[in-house]
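This report concerns only the one structure given below.
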Amino acid sequence: MSAGSRGASPGDLGVRVHHRRSALGLTRAQVAERSGMSPNYVERVETAPATLTSGDLIRLADALDTTVTDLLGASGDRAPGHGRAGLRPRFEAMERQECAGLLKNGGIGRIAFRADEKFLVVPVNFGCPEEVVVFRTAADGPIARLGEGAVAFEVDFLDDAMRQGWSILIDGLLRSATAEEVAATRGLIEPWAGGERETYLAIEPQEITGRRIRTTAVRTD
């Protein structure tokens, strides 16, 4: 790490490195071995504001199966999915149990519903105890005004580096969350949008389906 090296905003690079490493299920030692760095160096990158040389950034990105652009957060102004498809992609259906295992981790998904004579798709932070999607919204927001009714909910994961990912779709009924569901997710759901969002709603699934794309490798030609 040197003063004249290329860098990101303080702490941002470390957060992205940690998030990517965790998504791949790698230890710091494994990333260090892949990149030719020491485990202590990888730890410093993740835990303190860091400025890396261009060479270190390239090696670290390669070790994490991503790009320097993504590690630096420079691709935030475009949707994911650029680049060619991976080699020999396989499109597979996921069983409900696999979908439930991915949903229980929570995250950000999108609710689709009809209101005021038009279709709306709204992103929300959610939790998912016992296959029921729970989220917080504003009491006077369009979803809360919907009350009870049919909605669709979609959540996905896209790995730009490997050209693979998964998507889960829920057809369900919107309702107020029960006291037990609120208790199970309290402190776990923090809307990125901020503001007063203390109305807890739930989506009772009628059908859960999922699809996954797997690839064997990324094209280099």
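Every number in this text was worked out from the coordinates using simple rules, so none of it is lab data. Because the structure is a prediction, the values reported are computed rather than measured. Reconstructed Cβ throughout: ideal geometry from the backbone, glycine too, with neighbour counts over all protein chains shown.
Quick notes
- Residues whose placed amide H lies under 5 Å from that of residue 164, excluding near-sequence neighbours: 159
- Only helical runs count toward this figure. For the chain, summing -39,500 (n - 2.57) over DSSP H runs of n ≥ 4 and dividing by all residues gives -8000 deg cm²/dmol at 222 nm.
- Compactness ratio for the range 125-221: Cα radius of gyration over 2.2 N^0.38 Å (N = residue count) comes to 1.30.
- Longest site-free stretch - the chain; sites: trypsin sites (Lys or Arg not before Pro), DSSP loop, at most 14 other Cβ within 10 Å: 105-185
- The length gained by stretching the chain between residue 108 and residue 120 to full extension, at 0.36 nm per residue less their Cα-Cα distance, is 2.7 nm.
- Under the criterion of Cα pairs below 8 Å and six or more residues apart, the relative contact order for the chain equals 21 percent.
- Max-minus-min Cα coordinates of the range 6-71 on each principal axis give 25, 20, 20 Å, with the largest extent listed first.
- The chain: Cα Rg divided by the 2.2 N^0.38 Å rule of thumb: 1.18
- The 3J(HN,Hα) values that the Karplus relation (6.51, -1.76, 1.60; θ = phi - 60°) gives for the range 139-147 are, in residue order, 4, 9, x, x, 6, 5, 5, 5, x Hz. Gly and Pro appear as x.
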